[in-house]
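Structure, as structure tokens:
The values are calculated or read from the model by the stated rules, or taken from the named source; none is laboratory data. Only a predicted model underlies this, so the values are computations on that prediction, with no experimental measurement involved. Note: ideal-geometry Cβ built from the backbone for every residue, glycine included; neighbour counts use all protein chains shown. For accessibility, only protein heavy atoms count, side chains too; no ligands or nucleic acids. Shrake-Rupley method; radii C 1.70, N 1.55, O 1.52, S 1.80 Å.
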Amino acid sequence: MSGISVSGRTRVAAVIGDPVTHSLSPAIHNAAFAALGLDWIYVALPVRRARGSDAVRAIPDLGLAGMNVTMPHKADAARACDQLSDDAAALGSVNTVVPGHDGRLVGDSTDGPGFVAALREAGVEIEGGRALVLGAGGAARAVVLALGRLEASLVVAARRPEAARRAAALAPGGRAVSMGSLDLELSRANLVVNATPLGMGGEGPPFRTELLTPGHVVVDLVYAPLETVLLASARRLGATPVDGLGMLVHQAALAFKAFTGWDAPVAAMRAAAREAIADRGGSGRADASRRPVPPGLPG
Ligand code: NAP
């Protein structure tokens with residue numbers, strides 16, 4: 001960010017969330033603008049719960065070039081848009097909003113396509129795979145939708161059976177299974193996706209990792225730390241580990257293209273994401289104590 005120059009002509013993109021200070025998106029997108037020499041800037045805007053729709057509807061009046069949306073605003077943002085991509089409509093959730101020329105707001109969800117791009121980049125064959133997705137939240141639903149489109153057969157395991165059923169229904173033939181049957185489902189699957197926060201605190205997954213084999217591709221959406229206990233086990237047992245960095249970078253690359261019209265400089269974005277994660281001690285969380293608190297703000 002050094003040497004950045006902001007003028008009245010600088011285009012502005014933003015991410016809204018609550019909280020949003022931990023977001024890696026400013027680091028990723030500003031690195032991309034710098035790599036392409038674009039007079040753009042990307043900022044994180046803390047927007048309180050229940051005010052997400054207002055923030056999205058303000059995009060045209062504020063002249064914002066685009067907006068990313070993170071928790072807890074993704075569903076409100078979808079409702080505030082005039083038009084949704086197929087993915088966003090199916091999920092009822094958006095992470096990217098761009099204003100059209102007529103001021104109409106177009107919402108998209110780039111997580112699923114970002115996930116697929118990351119797997120392709122890792123050389124993983126998805127079509128015809130047998131996937132086990134752990135979790136039924138926003139990320140899991142995007143992954144299930146994307147895998148279902150690619151005709152992978154799919155099971156979803158989550159703590160809340162109803163949430164697992166709703167997520168599984170996003171893929172043709174998708175099934176919800178109980179957490180108690182994870183070991184069995186693991187033996188049937190060749191693609192395992194952790195779409196829960198398990199691993200962020202150094203904990204392992206809720207199944208016997210020793211059941212992983214060289215026939216498994218193991219994807220952890222957690223990106224901080226990059227090498228989770230699950231991925232370390234996968235690596236040790238000869239399975240193919242795929243960390244969450246690829247999805248993080250590719251969902252951002254798709255948003256970048258939607259904002260600017262330019263192909264994203266993926267390598268620069270990946271380097272920035274890696275650096276931001278390392279900068280935060282591998283936790284992905286900003287260490288507030290490392291930055292001075294401006295006068296008048298709570299410490
Ligand atoms: P979310 O909407 O809050 O969903 C989290 C899911 O994990 C829910 O199904 C939740 O179950 C389950 N879960 C939470 N704690 C659990 C535990 N201790 N044991 C079993 N299940 C548990 O979150 P999300 O947005 O889907 O994100 C999930 C993870 O993916 C996060 O770590 C996030 O950082 C990561 N992610 C990565 C990317 C990327 O680009 N790499 C993108 C999006 C998300 P309950 O509903 O029962 O709580």
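General remarks:
- Ellipsoid fit via the Cα gyration tensor, segment 71-110: semi-axes of 16, 10, 8 Å, each the root of five times an eigenvalue, largest first.
- Accessible surface of the chain [probe 1.4 Å, protein heavy atoms]: carbon and sulfur percent: 54 percent
- Cβ crowding within 10 Å averaged over residues, with 160-170, 106-116, 146-156 ranked highest first: 106-116, 146-156, 160-170
- Positive-pole candidate from Gly135, Thr110, Ala122, dipole of segment 101-149, charges at beta carbon: Gly135
- Nearest-0.05 FRET efficiency for Leu237 and Ala75, computed from C-beta distance (R0 30 Å): 0.20
- Between Arg49 and Arg160, the C-beta separation translates, for a Förster distance of 25 Å, into a calculated FRET efficiency of about 0.75.
- Dividing the convex hull volume of the alpha carbon atoms of segment 72-157 by its residue count gives 95 Å³ per residue.
- In whole angstrom, segment 6-62 maps to an equivalent ellipsoid with semi-axes of 22, 15, 7, each derived as √(5λ) from the alpha carbon gyration tensor and ordered largest first.
- For segment 1-155, the direction-averaged projected area of the alpha-carbon convex hull comes to 10.4 nm².
- For the chain, built as a Gaussian network whose Cα springs stay under 10 Å, the top-fluctuating residue of Val249, Val143, Val43: Val43
- The packing ranking of peptides 86-99, 12-25, highest mean first, is 86-99, 12-25, where packing means the average number of other beta carbon atoms within 10 angstrom of each residue.
- Extending 7 Å from the Cα toward the beta-carbon at both Ser7 and Arg175 defines two label points whose distance is 6.2 nm.
- Accessible area of Met179 in the full protein assembly, 1.4 Å probe (Å², nearest 10): 60 Å²
- Förster radius 25 Å - calculated FRET efficiency between Asp263 and Asp39 (Cβ-Cβ, nearest 0.05): 0.90
- Note on segment 41-92: Cα-Cα pairs beyond 14 Å make up 52% of the total pair count.
- Under conditions of 4 °C and 1.567 mPa s, the chain yields 65 µm² s⁻¹ as its translational diffusion coefficient, taking Rh as the Kirkwood radius over Cα pairs in the Stokes-Einstein equation.
- Here is the tail figure for segment 97-200: Cα pairs spaced more than 17 Å apart come to 52 percent of all pairs.
- Principal axis dimensions, largest first and in whole angstrom, of segment 195-249 by Cα: 27, 21, 15
- Computed per residue of the chain from DSSP H runs no shorter than four, each worth -39500 (n - 2.57), the mean residue ellipticity at 222 nm is -10500 deg cm²/dmol.
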